Amino acid sequence: MSTFQDHFSDQAASALARQMALGDVIGERSWGIDVQEGVLSFGDDLRYPAQLLGTHAFGPGTWLWVWANAQSNIPEQHTEAALRIRQRGEAESIEAFTSASLQLDDALTDHMIAMTCGGLEGGRCYYRAPYDGGALFVLLDDVPREVLAPVTLPRAVTVLMEVISQFDVDHRRMATSFLRQQGLEATSSTAAAIRAERAGEGHIEISFDESGRISNVACTLLPQGATPAAEPPPEPKAPRWQFWKR
């Protein structure tokens, strides 16, 4: 039976990759949301259907699932994703998915919930829409194709290193799931390393220490695609995937 942490480890890296790609598309556009219509807009040119997940109340540091917010009067069709997550929680006895309200802390953050939901809902992006005293989290539909496309090997290195620096995850489970989801074929796997390749691009190698934690990630590109092995790391004060914190 999977736990919330299992699901998060499975989904974290690909979710982060999608958020980084969404940030590249949105850029510096301002956002707006129409809850009744279920539409999230960025600037004057980007509009995406949205499924509401829940809210983070900053004061008490709690999460409230949208299906438990009886006073919101949100149309039911905009809460279907959250209801499916609750159903999964009931089937797998995952309290984080079934409890109406959750206490957030370093082990369970609002972003972890949204990243996990986005992955379990077929690989969708999410957005954190802040308001006075809290933030609303939504899943987005109909985002540009490039946002959902498999990442390049250099970006895969960046994603993996970002995940292990930002979150407490099962490193091997996270890496194995990410490689599979990104269409990379493992050519060898030992306790010390995983090597996977993508035809026409090159290969990536992930090394683990004795505790099973990632100690190094590197990629080798085929000559026709020779570029630096990894992208420059995101700016510490405003990581690209956390574009809403600018």
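The values are calculated or read from the model by the stated rules, or taken from the named source; none is laboratory data. None of these values were measured; they are calculated from a predicted model. Here the Cβ is made from the backbone with ideal geometry for all residues, glycine too, and neighbour counts use every protein chain on show. We work out accessible area using only protein heavy atoms, side chains counted, and drop any ligands, DNA or RNA first. Shrake-Rupley method; radii C 1.70, N 1.55, O 1.52, S 1.80 Å.
In this structure, ILE74 and SER188 have a Cβ-Cβ separation that, at R0 = 45 Å, corresponds to a calculated FRET efficiency of about 0.35.
Available extension along the chain between VAL25 and GLU210 is 62.7 nm, counting 0.36 nm per residue and deducting the alpha carbon span.
Of the solvent-accessible surface of the range 1-134, computed with a 1.4 Å probe and all protein chains present, 45% belongs to carbon and sulfur.
Around ASP168, what is the net charge, scoring Lys/Arg as +1 and Asp/Glu as -1 over all other residues with Cβ under 15 Å from its Cβ? All intermediate terms of the calculation are to be shown ahead of the outcome.
Details: positive: ARG172, ARG173, ARG213; negative: ASP6, ASP10, ASP105, ASP106, GLU162, ASP170.
Net charge in that neighbourhood comes out at -3.
Sparsely packed loop sites in the range 1-102 (the trypsin sites (Lys or Arg not before Pro) outside DSSP H, G, I, E and B with at most 15 other Cβ atoms within 10 Å) comprise ARG29. If the chain linking GLN87 and ARG145 were pulled fully straight, counting 0.36 nm for each residue of separation and taking away their Cα-Cα distance, it would gain 18.0 nm. Classify the range 150-213: rounded, prolate or oblate, from the alpha-carbon gyration tensor (a ≥ b ≥ c, eigenvalue square roots; a/c under 1.5 rounded; otherwise prolate if a/b is larger than b/c)? Verdict is oblate for the range 150-213.
Per residue, the chain exposes 48 Å² of solvent-accessible protein surface, assessed with a 1.4 angstrom probe and all protein chains in place. Whole angstrom only: what separates the Cα centroid of the range 125-171 from the Cα centroid of the range 76-113? What the calculation gives is 18 Å, centre to centre. The largest-to-smallest principal axis extents of the Cα set in the range 1-44 are 44, 27, 9 Å. Within the shell of other residues whose beta carbon sits under 12 angstrom from the beta carbon of GLY43, the net charge comes to -1, with Lys and Arg scored +1 and Asp and Glu -1.
Can you check what the net charge comes to around HIS7, using other residues whose Cβ is under 9 Å from the Cβ of HIS7 (Lys, Arg +1; Asp, Glu -1)?
-2
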